[in-house]
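One structure is given here, and the rest of the page talks about it.
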Amino acid sequence: MAATRHKSNYVKCFGTGDGWPSLERKHAAFFYRFGKTGLMVDCGEPIDGAYKASGLSYDAFDSLLISHLHSDHIGGLFMLMQGAWLEGRRKDLSVYLPAGAIPPVRQMLESVFIFDEILPFRLRLLPLHSSQSVIIGDITATAFRTSHLHGYRSRLRRKYHVDFNSYCFLFECGRRRVGHSADLGRPEDLEPLLAGPLDLLVCELAHFAPEEIFSYLNGRDIGRILFVHLSRSLQEDLPKTRRLAERMLADVPHTFAKDGEEIAF
């Protein structure tokens, strides 16, 4: 691990699995380093143990972005906050998440005794807004709404008053541009990220046929695609999935990430 810490721009994949329980893959959690600035995207479980094992300081991430409220993307938040408390984090932390989640998440933090008064750092829960940027150290992070939860919204919004928004992200730092899909409803949700060239696209592969996303990404100005969040069926037949990607993305460098892997960009 220490041999890779010198990289100034990289993503560490703490969890690359889909929403199904798995013995081999943890749930969605990613650490990005842009020079001196670090940020976390999503915190599926068991991020607390994986983060501790990485050797990273609990002050290493300047902010945390939660793309949406499925458990495999937010289920590790409370243990990660407890870990940051017990491991002595000192740096203020801003957690950006869908606006409607702020009151229940705050209530849950208090229900599990993670009170503001005991934290050695200031914890702020802040709303994401589509197409609006926030500055995180040297990074400009922009969230864009996706259609991932549109089916739930159309069927259940009258009964459940929860936030059905979901987001993908564009990170810009100097000339570096990195896209992070989180979960999508359709490949076209990526269009705002692809309005300019990307050094790296971290892209899920669980919610549509692989041919659909491979065709959509073919010929795009992307330095490298990192496929994560593969559906169980695609993961179980990974050689076949790789062959299909090689055929349909012949001119686009791409990788299928593993838990714990660090990818420079």
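The values are calculated or read from the model by the stated rules, or taken from the named source; none is laboratory data. These numbers come from a predicted model, not from an experiment. Cβ: placed from backbone, ideal geometry, glycine included. Neighbour counts: every protein chain shown. Side chains are part of the model used for accessible areas, which takes the heavy atoms of the whole protein and leaves out ligands, DNA and RNA. Shrake-Rupley method; radii C 1.70, N 1.55, O 1.52, S 1.80 Å.
Total residues in segment 179-195 satisfying the condition of being touching a strand residue (DSSP E or B) at 6+ places or on another chain (Cβ under 6 Å) and either loosely packed, with under 13 Cβ neighbours inside 10 Å or farther than 20 Å from Leu230 by Cβ (or both): the figure is 1. Just to be sure, is Leu97 buried (at least 16 other Cβ atoms within 10 Å of the Cβ), without any contact (Cβ under 8 Å) to a residue 40 or more places away in the chain, closer than 27 Å to Ala206 by Cα and among the aliphatic types (A, V, I, L, M)? So Leu97 passes the test. Elements of the type strands (runs of 3 or more DSSP E) sitting completely within segment 155-265 and holding at least 1 residues that are basic (Lys, Arg): these cover 176-180.
One line per residue, one yes/no per condition, for (1) hydroxyl-bearing (Ser, Thr, Tyr); (2) farther than 17 Å from Ser133 by Cα; (3) over 17 Å from the mean Cα position of the chain (by Cα):
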{"site": "Ser166", "(1), (2), (3)": "yes, no, no"}
{"site": "Val178", "(1), (2), (3)": "no, no, no"}
{"site": "Leu184", "(1), (2), (3)": "no, yes, no"}
{"site": "Leu217", "(1), (2), (3)": "no, yes, yes"}
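Can you tell me which of Phe171, Phe214, Phe208 is surrounded by fewer than 16 Cβ atoms within 10 Å (Cβ to Cβ), closer than 25 Å to Glu261 by Cβ, among the aromatic types (Phe, Trp, Tyr) and in contact (Cβ under 8 Å) with a residue 24 or more places away in the chain? None of the others qualify; the one that does is Phe208. Quick test for you: out of Ser67, Ser130, Ser57, pick the one residue that is part of a loop (DSSP other than H, G, I, E, B), of a type in the set (S, T, N, Q) and open to solvent by 40 Å² or more (accessible area, probe 1.4 Å). It is Ser57.
Consider Ile139 carefully, then state whether it is at pLDDT 95 or above, out of contact with any Pro (no Cβ under 7 Å at 6 or more places or on another chain), more than 30 Å from Arg177 (Cα to Cα) and surrounded by 16 or more Cβ atoms within 10 Å (Cβ to Cβ). So Ile139 does not fit the description; no.
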